[in-house]
Every structure is written in C-alpha cells, then in structure tokens.
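Before any comments, here is the structure.
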Amino acid sequence: QIRFVKSALWYHGYGRPELYRLPSDGSAGSRELLLAFSWLLHRLSLLEQLLARNRVKTGDETSVCMCEDDLPNSQKGTNEIAPAYGPEDRVDVRYLQWLNGRLRFQWQSLHAQHQEQCKLLHKIHLFTSGSHMDQTLGHFSVTETDLIRQPENYKQLVQLLESETMQLEAFLEWKQLEPVYWQWMETVLDNMAEEGNMCESQDAHVEKSGLPKVTSWCPWADSLTGQINRLSRDLMTLRDQLHELVTHRKVAWCEKVKTREEELQKEWFSATARKIQESVELKLLDLASLCDPKKNKMHGSCRLVFRSKHPASKTGFGRSVSKEPVSALSATEVIRELQMREASLERELKQLQEECRRRLDKIAEGLDGVICISP
C-alpha cells in the first residue's frame, strides 16, 4: 500500500522528495502524507471528482471528450523522484507480454459489451418515445423504465438521492471552512521550513567545528596557502587554453560541416526536405483543428437523447433537460471527430514505425555474422 501511494503520487507529479524517502514500514511520515493530501486537494480537485463519481445518474449518460490527450505538465521532469524499487520488484518480460494480451482481450470484451449496451439503450429509447413529460427528451431512461416496471425500487433511489444530498451539504460546508484549512497548511509548511533550516545550521556548525583552525603559529599554513594560490593560477591558465582550443575546434568543425553540406547530393536533400515539409503540414493541420474557434469542444458526462423527427429533439447529446435551447452535440459530430483523431494517430504511428525500422537497420549493420530479415 505504501509503495502504491508513492507511485500514484509520483504519477500525478508530486515533486517533494521527502515523501519518497520515507520508510516502507509506515513508521513515520504522517505530516508528509498530510502535505501530499493537501496537494491532491488543490491540484486534482479531488473532492469535485469524488462528487462527480458518486453522483446518482437518473438519465442515460455517456462520456464525451473532444480534447487532445496530451500528458499533463506535472509529469514532466519527475523521473528524478521516482520511487526506487529493489531487485525483487523486477518483472519478467514474458509476464508483461501475457498481461498485455490479457488487457487486449479484456478491452475487446468491454467493447463488445458496450456495443450490446448501446443496442439495448436504443430499444428502450425507441419504444418509450413520446412517453416522457419533458418534450426535450421525449423518452424514458433505463432508471425511469425500471421504476415504472418495479415501483418498489423507488425507496432505494430515494436513499441514494438523500446520501448525495448529504455529500453536497458537506461539500458546501467544506467550501466555507476551506480558507481556514489552507491557513493551517501554511503554518505547517512554515514549521517544516524552520525545522529544515535548523537542521542545516546544525550540520554546518558540526562541520565547521570539526575543521582544524589555521592559526599563525601553524608552520605549514603559509606554504599551504602559497601552493593553493599557485594551483589557482595554473587552473585559470589551463581554463583559458581550453577555451581557445574549443573555439578553434568549433570553427574547424563548422567549416567541415559546411563543406559536407555542399557535397551532399541535391536529390537526397530535396527528399529530406519534402519529408520534413509533409510532417510540418500534418502538424499544422492538427494545430488548425485544435485552434478552430468554431469547433465545440466538449468534455465530461452528457445525457443521451434519442434523435427523432420531433423538431425539439434533433440533438444527439444534451447537457440539460429543459425546454429551452441547450448546447448539444450530435453523434455524427463525435464520430467525425474520432475519425479525424484516428487518422492523426495512424499517421503518427507510421512515422514512429519508420523511425524504429531505420534504427534497427543501423543496429543490424553493426552486427557481424547476423542476418536480419524485416517482417
């Protein structure tokens, strides 16, 4: 559990090294855990995510994401604080391959179940079309259909709604007292900083007290000082010589590179330039699609609304259930967006495969007595 907590915090970008130096038996580190928990509250909006996950869903919803899957900036530069694992934590590559195959099989099973769920949802929405009081929807959801078939289940739904209401009330109370909590956390940080400074000053005092004091009566003090001064002058002279040598070598290499560029064949240069131009054009297309102000970027959970011939229900996804016009997104737009992203990922995959093939060819050239056949 302790290693899992450390790994999860490192994955989310928590950069305090004192946490990863804690013992593995859990004997210390309560204050470090408090700081990490506060960081999660502030950075990941932990409470909001928990409320969204525990929300009672009375309607049929689906998750829609039209954003780019970029890695968060918090994950950059966290390799230095990665939790250290011992030799007993090493895993065989064959076991990883087996896990990968199992994961792919589970993914295919999940995809098949999701397709079956979509078919059943379509049947429910189609058969109950025109039965709902809200004309924006016009059909019942799975929960509403189940309540109609089994009215005794409404007690359980009411209990869930009451529990959600209590959580929302607790969250509102927390938002009122949140400034007090963060003031307390500031005092905790200040105390830890003071303790760290005291430890550093004590260490420095111990180091200074352990050093021999150079006094005037030491017979070797003057000679040692003269040797240090001569060594310093020699180092300065050597640094200047190295700087001149590096400058001369750099100029010589620039001239060789310039000569080599002139000797390159024009066909190879034009082919390389064409590949670079194609790559830049693909990136520009992706950037233009991202920066398009007309595109309706949506992210999160949206309620499924069956598209029918009724003029008030022509949208595929809706964020509210009122009779007023709402911001909606049709299923065709989502499919078109996913197809564009699929094409972009396929282009990037082909580029990476080509780069890997070139690297393998270079490695194979250095192997004597080995014949490599491309798949």
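The values are calculated or read from the model by the stated rules, or taken from the named source; none is laboratory data. It should be emphasised that the depicted structure is a prediction, and the values quoted were computed from it without experimental measurement. Heads up, the Cβs are rebuilt from the backbone with ideal geometry, glycines too, and the neighbour counts pull from every protein chain shown. Heads up: the accessible areas ignore ligands, DNA and RNA and are worked out on the full protein's heavy atoms, side chains in. Shrake-Rupley method; radii C 1.70, N 1.55, O 1.52, S 1.80 Å.
Name the one entry in K323, K283, K294, K309 that is at pLDDT below 75, over 30 Å from H125 (Cα atoms) and not in a helix (DSSP H, G or I). Working first, answer last.
On the way: K323 fails: over 30 Å from H125 (Cα atoms); K283 fails: not in a helix (DSSP H, G or I); K309 fails: over 30 Å from H125 (Cα atoms).
Among K323, K283, K294, K309, only K294 is at pLDDT below 75, over 30 Å from H125 (Cα atoms) and not in a helix (DSSP H, G or I).
Testing Q176 on (1) open to solvent by less than 100 Å² (accessible area, probe 1.4 Å); (2) among the polar types (S, T, N, Q); (3) under 37 Å from the mean Cα position of the chain (by Cα), one condition comes back false. Which one is that?
Against the list (1) open to solvent by less than 100 Å² (accessible area, probe 1.4 Å); (2) among the polar types (S, T, N, Q); (3) under 37 Å from the mean Cα position of the chain (by Cα), Q176 comes up short only on (1).
Residues checked against (1) in a helix (DSSP H, G or I); (2) surrounded by 13 or more Cβ atoms within 10 Å (Cβ to Cβ); (3) out of contact with any His (no Cβ under 9 Å at 6 or more places or on another chain):
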{"site": "L103", "(1), (2), (3)": "yes, no, yes"}
{"site": "Q108", "(1), (2), (3)": "yes, no, yes"}
{"site": "T136", "(1), (2), (3)": "no, yes, yes"}
{"site": "L157", "(1), (2), (3)": "yes, yes, yes"}
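For the stretch 82-119, which residues satisfy the criterion of being among the hydrophobic types (A, V, I, L, M, F, W, C) and either at pLDDT 90 or above or more than 25 Å from R307 (Cβ to Cβ) (or both)?
A82, A84, V91, V93, L96, W98, L99, L103, F105, W107, L110, A112
Considering only the stretch 140-147, I want to know if a residue exists there that is acidic (D, E), open to solvent by less than 100 Å² (accessible area, probe 1.4 Å), part of a helix (DSSP H, G or I) and over 30 Å from L35 (Cα atoms).
There is at least one residue in the stretch 140-147 that is acidic (D, E), open to solvent by less than 100 Å² (accessible area, probe 1.4 Å), part of a helix (DSSP H, G or I) and over 30 Å from L35 (Cα atoms).
I want to confirm something. Restricting to the stretch 16-35 and keeping residues that are exposed (fewer than 12 other Cβ atoms within 10 Å of the Cβ) and touching a helix residue (DSSP H, G or I) at 6+ places or on another chain (Cβ under 7 Å), which single residue is modelled with the lowest pLDDT?
Here the residue is S24.
Count, please, the residues in the stretch 11-69 that happen to be assigned to a helix (DSSP H, G or I) and farther than 30 Å from H114 by Cα.
Looking only at that region, the number is 18.
Which residue pairs have Cβ atoms under 9 Å apart, sit 6 or more places apart or on different chains, and have a first residue in the stretch 336-361 that is at pLDDT below 90 and a second that is of a type in the set (S, T, Y) and open to solvent by 100 Å² or more (accessible area, probe 1.4 Å)?
none
Yes or no, residue by residue, for (1) over 23 Å from the mean Cα position of the chain (by Cα); (2) assigned to a loop (DSSP other than H, G, I, E, B):
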| position | (1), (2) |
| --- | --- |
| R341 | no, no |
| E348 | no, no |
| E355 | yes, no |
| R359 | yes, no |
| K362 | yes, no |
| G369 | yes, yes |
